[in-house]
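The structure appears below as structure tokens.
The values are calculated or read from the model by the stated rules, or taken from the named source; none is laboratory data. Small disclaimer: the values here were computed from a predicted structure and weren't measured. Note: ideal-geometry Cβ built from the backbone for every residue, glycine included; neighbour counts use all protein chains shown.
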Amino acid sequence: MKVVFLIFSFVAFLFSDVSLADSNPVSQNSVSDTAITGFVKAKIAIDSSIPGDDVSVTTNNNVVSLSGTLPSDQDANNLINMVQSINGVKAVDTSHLSVKRVTPPIDDAAIAAKVKAVFIKNKLVGKKAVPLTHIQIASKAGVVALSGTTGNQSQIDNAIKLAKQIPGVKDVQSTLTVDNHKEKVRTKKMAASH
């Protein structure tokens, strides 16, 4: 059944006459809700790390709504990260998504996942990179905590600004610091290029 659905989703995507890989904002807005829904369902069907048999997907105005029950909060994080990272998706509604085993509340897990996804999107198609490998993201009661190191102060400022733009984020607390070694290497590279 999953194979048939996967083929159907792929065909629907092909007939939508858009490319989800295109980073052009105009074409992102032209991605149809049907194509997004089909693409999300296809990715769930082929990704063995996401148990999506009990998850329903709908899309309205490029907002993907997920409903159903997942085994754990990690499964919810994986699903939300995957959906949020798809070009053309404006937001992910998880208000009807539940999990059987929850460590933090699903809202906080969803917020942290959304922050990570925005950082990933910004790194891939944005103009100001945020180094994800050295930033830890946590959320409690809607307050996002950022910790770790970055290469310079502008990356810290950009990370805080991006996190504050996520719906549901009440505040951002940052203990991010500039790794002086990275800043020295960047300064040396800039000096060498002049």
(Q) Looking only at the stretch 10-56, how many residues end up being modelled with pLDDT under 70, assigned to a loop (DSSP other than H, G, I, E, B) and not hydroxyl-bearing (Ser, Thr, Tyr)? (A) 6
Q. Residue check, Gln74 against (1) more than 23 Å from Lys116 (Cβ to Cβ); (2) modelled with pLDDT of 50 or more; (3) assigned to a helix (DSSP H, G or I), all met but one. Which one?
A. (1)
Q | Counted residues, the stretch 145-170 - those being in contact with a Lys or Arg (Cβ under 8 Å, 6 or more places away or on another chain) and part of a strand (DSSP E or B) | A | 2
Q: Answer yes or no as to whether Ala112 is modelled with pLDDT of 85 or more, of a type in the set (Gly, Ala, Ser) and either under 23 Å from Ala45 (Cα atoms) or over 12 Å from the mean Cα position of the chain (by Cα) (or both).
A: no
(Q) Given (1) part of a loop (DSSP other than H, G, I, E, B); (2) modelled with pLDDT of 85 or more, identify the lone condition not met by Thr59. (A) (1)
Q: Could you tell me which residue of the stretch 136-148 is surrounded by the most Cβ atoms within 10 Å (Cβ to Cβ), considering only residues that are on the phi > 0 side of the Ramachandran plot and touching a strand residue (DSSP E or B) at 6+ places or on another chain (Cβ under 9 Å)?
A: Gly148
Q) Failed condition for Ile166, given (1) at pLDDT below 90; (2) buried (at least 18 other Cβ atoms within 10 Å of the Cβ); (3) of a type outside the set (D, E, K, R); (4) farther than 20 Å from Asn78 by Cα, with all others met? A) (4)
Q. Just to be sure, is Gly151 at positive phi, at pLDDT below 90 and not charged (D, E, K, R)?
A. no
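Quick grid of which residues meet (1) closer than 29 Å to Thr34 by Cα; (2) outside the structural domain of Val40 (by TED's automatic domain parsing); (3) surrounded by fewer than 19 Cβ atoms within 10 Å (Cβ to Cβ); (4) modelled with pLDDT of 90 or more:
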position	(1), (2), (3), (4)
Gly88	yes, no, no, no
Asp93	yes, no, yes, yes
Ala117	yes, yes, no, no
Lys121	yes, yes, yes, no
Leu124	yes, yes, yes, no
His134	no, yes, yes, no
Arg186	no, yes, yes, no
